[in-house]
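Working notes, beginning with the structure itself.
The values are calculated or read from the model by the stated rules, or taken from the named source; none is laboratory data. Just so we're clear, the structure is a prediction, and the values are computed from it rather than from any experiment. Positions of Cβ are backbone-derived with ideal geometry, glycine not excepted, and every protein chain shown enters the neighbour counts. Only protein heavy atoms, including side chains, enter the accessible area calculation; ligands, DNA and RNA are left aside. Shrake-Rupley method; radii C 1.70, N 1.55, O 1.52, S 1.80 Å.
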Amino acid sequence: MENEYRRDIKSLTLSQLKEEMEALGEKSFRARQLYEWMHVKLAERYEEMSNIPHKLLDQCRERYTYTVLKKIRMQESKLDGTRKYLFELADGNTVESVWMRYKHGNSVCISSQVGCRMGCRFCASTLDGLERNLLPSEMLEQIYAITRHTGERVSNVVVMGTGEPMDNFDNLLQFITLLTDENGLHISQRNITVSTCGIVPRMYQLADRHLQITLALSLHAATNEKRRELMPVADRYSLEELMEVCACYFEQTGRRITFEYSLVKDVNDTIEDAEQLIRLIKGLNCHVNLIPVNPIKERDYIQSERRAVEQFKEYLEKNGINATVRREMGRDIDGACGQLRRRHSNEIDKVADISEKSI
Ligand code: SAH
């Protein structure tokens, strides 16, 4: 195993951990015990692992890093109970995650990278570029830390926070393997959604894995020209290529594609835009998720009016396309992706001591 996470114990699958234990001359049931402490009991430190001999724990301390996230902020919406968490990683970087409570269970939205290099114009996460990829354990820990804090099980995971998951592909796949493992949290593949801005070769690679996860594509425009104005990645991959890979994903997996479409006033929210969208995606087994754009102060995109959103949705439905308007959870708590993290780091720049605001 020459992966970058080789020495990160929480990023190892059970069989990889068994190999490690064998190399240490340990019985394989020790791997199982360690794995259970990490991925079922969600232990925060080796000291909790009461059935593991001290000698082995010392060896683990020496050989591996043990990833835990430190909660440094939490905001809770007074409107719907949605919580936004800001976590600190071992190297001092921060990531944000969102916890939402729905009737059918709790959902967590996680980040896949520190920052992002995709440059989508309306998105706060990409304003400072990419800092680094997250390890599988750092993605998992966002869910584990929230589970520990809320005391409630998470049943749905969406990889829709900061970062482009297809730009951190190997770690994403390892994360999904760990998250769905029956020896761990055992979250069903069907309850996982991965959202991408559309990196075509990676989407083919994902399709080849035949996973049962939902693939969401951030479309946001129905012509190449308009999409290029909003998303630099559209210079690399055309809508025609994207539609082909989406059809392939459905063929390989049987999973309906989700298209995300953020509605920006006077940019992509007219009936003509809806018409073009219908022409583009008609015939594909898909679902459109309309998101009224969440304005960020660094850009002057304005949210579409309620009426325009409704008309857009009705027009799609009249033409046989399944569409929903995303409920705006946590409107009152730095809603848009990357905003809490940005605000936090701006404040650190201004005042050295933020401890009184921390939790
Ligand atoms: N990089 C991935 C996942 C992260 S973003 C992707 O591009 O899909 C999750 C979704 O939120 C994407 O559809 C993204 O385009 C959208 N998004 C980002 N900033 C937004 C904003 N300010 N308002 C509305 N949607 C936004």
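Of all the criteria given as (1) more than 16 Å from the ligand (Cβ to nearest atom); (2) part of a loop (DSSP other than H, G, I, E, B), the one not satisfied by Glu240 is (2). Look at (1) within 16 Å of the ligand (Cβ to nearest atom); (2) open to solvent by 40 Å² or more (accessible area, probe 1.4 Å) and you find that Tyr261 fails only one, number (2).
Within segment 185-194, not a single residue is in contact (Cβ under 8 Å) with a residue 24 or more places away in the chain, in a helix (DSSP H, G or I), crowded, with 21+ Cβ neighbours inside 10 Å and under 20 Å from the mean Cα position of the chain (by Cα).
Restricting attention to segment 293-321, and to residues there that are basic (Lys, Arg) and in a helix (DSSP H, G or I), which single residue is most open to solvent (accessible area, probe 1.4 Å)? Once the filter is applied, the top-ranked residue is Arg306. Consider Glu131 carefully, then state whether it is among the acidic types (Asp, Glu), within 30 Å of Tyr46 (Cβ to Cβ), open to solvent by 30 Å² or more (accessible area, probe 1.4 Å) and away from the ligand (no atom under 16 Å from the Cβ). For Glu131, the condition - among the acidic types (Asp, Glu), within 30 Å of Tyr46 (Cβ to Cβ), open to solvent by 30 Å² or more (accessible area, probe 1.4 Å) and away from the ligand (no atom under 16 Å from the Cβ) - is not met. Of all the listed residues (Leu277, Leu290), the sole one being within 15 Å of the ligand (Cβ to nearest atom), within 30 Å of His210 (Cα to Cα) and either more than 27 Å from the chain's Cα centre (by Cα) or not in a helix (DSSP H, G or I) (or both) is Leu290.
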